[in-house]
Amino acid sequence: MPPDIEAIAEHVFTALADPTRRAILAALAAAGPATATDLAGRLPITRQAIAKHLALLAEAGLVTAEPGERRRVRYRLRSAPMQVAQQFLAALARDWDGPLSALQDHLGQSAGGPSTAA
Amino acid sequence: MPFPDRIERTVQIGRPPDQVWAALTTAEGLAAWFGNEATIELRPGGSARMRWTGGETAEMRVERVEEPRVFGFTWHIFGLPEDDPRRTYVEFTLEPSGSGTRLTVVESGFAQLPEDAYRKAYDGNTQGWASELGELVAYLDAA
């Protein structure tokens, strides 16, 4: 596994740690590519602040800039880094402790005696 | 920050391996502690399915059946979208221990990433829906 996978995940989690960037990414995910002006109209954030965060997100590879209508730059969410981060979350979300406790309980009860589980 | 690929747990169970084996590999056993309902075709390549009362389901493909020591299957990675092709491998190992069983479960493959996903994650030039929608438009225009 290339070490850069961690750098990718770190960019995603750093981006998501900020409420303004979360709002921007959520808006791009929900409604598709948008300009900084579009986003300023939809979110309670100044256009300047949005532009600053978009530049940071583009540098981290989480959004990509592309030419839009009337020569305005549109930003599009890049899903690939999110998929990398998802795998990290999937490992953390995988719960074996609950099912294994249930298995111990089941076998302790099914044979009529207490389990000697350590 | 290590990127976890593998989860491992070992528990001691006060029942002999054949009873633990039955709990892991029969529909009745699985439904009693893991899912709320289960079906299983116990052979390599066989399919198994669990369903919970909340409506969630898990589809498994049986990979290893070495009664009563090793049982392995692959399944979809919990938490990823339904159509995501990535799967993890789960392997239960049963070892006699005193009058009971030492049960180890290893789930691996969380950090797997298909080759094209690496490419996409680094490649700043993504196509995504723009090209897919373009293809749809081209297809409809040609019809």
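May I ask you to list the residues in region B:31-42 that are at pLDDT below 95, buried (at least 19 other Cβ atoms within 10 Å of the Cβ) and either closer than 17 Å to B:ARG69 by Cα or more than 8 Å from chain A (Cβ to nearest Cβ) (or both)?
Within region B:31-42, just B:GLY35 meets the criteria.
Give me a count of the residues in region A:59-88 that are surrounded by fewer than 17 Cβ atoms within 10 Å (Cβ to Cβ) and aliphatic (A, V, I, L, M).
2
Considering region B:1-39 alone, what residues qualify as being touching a Gly at 6+ places or on another chain (Cβ under 7 Å) and either free of Cβ contacts under 8 Å to residues at least 60 places away in the same chain or within 16 Å of B:ALA58 (Cβ to Cβ) (or both)?
B:ALA22, B:ALA23
Could we say that B:VAL105 is more than 12 Å from chain A (Cβ to nearest Cβ) and either of a type outside the set (S, T, N, Q) or closer than 26 Å to A:ALA90 by Cα (or both) here?
Working: more than 12 Å from chain A (Cβ to nearest Cβ): no; either of a type outside the set (S, T, N, Q) or closer than 26 Å to A:ALA90 by Cα (or both): yes.
No: the conditions fail for B:VAL105.
Restricting the search to region B:58-115, which residues are in contact with a helix residue (DSSP H, G or I) (Cβ under 7 Å, 6 or more places away or on another chain) and on the phi > 0 side of the Ramachandran plot?
B:GLY79
Looking only at region B:43-59, count every residue that is farther than 16 Å from A:LEU103 by Cβ, of a type outside the set (Asp, Glu) and loosely packed, with under 14 Cβ neighbours inside 10 Å and tell me the total.
Here the count works out to 8.
The values are calculated or read from the model by the stated rules, or taken from the named source; none is laboratory data. Source: prediction; values computed, not measured. For neighbour counting, all protein chains shown are included, and Cβ atoms are generated from backbone atoms with ideal geometry for every residue, glycine included.
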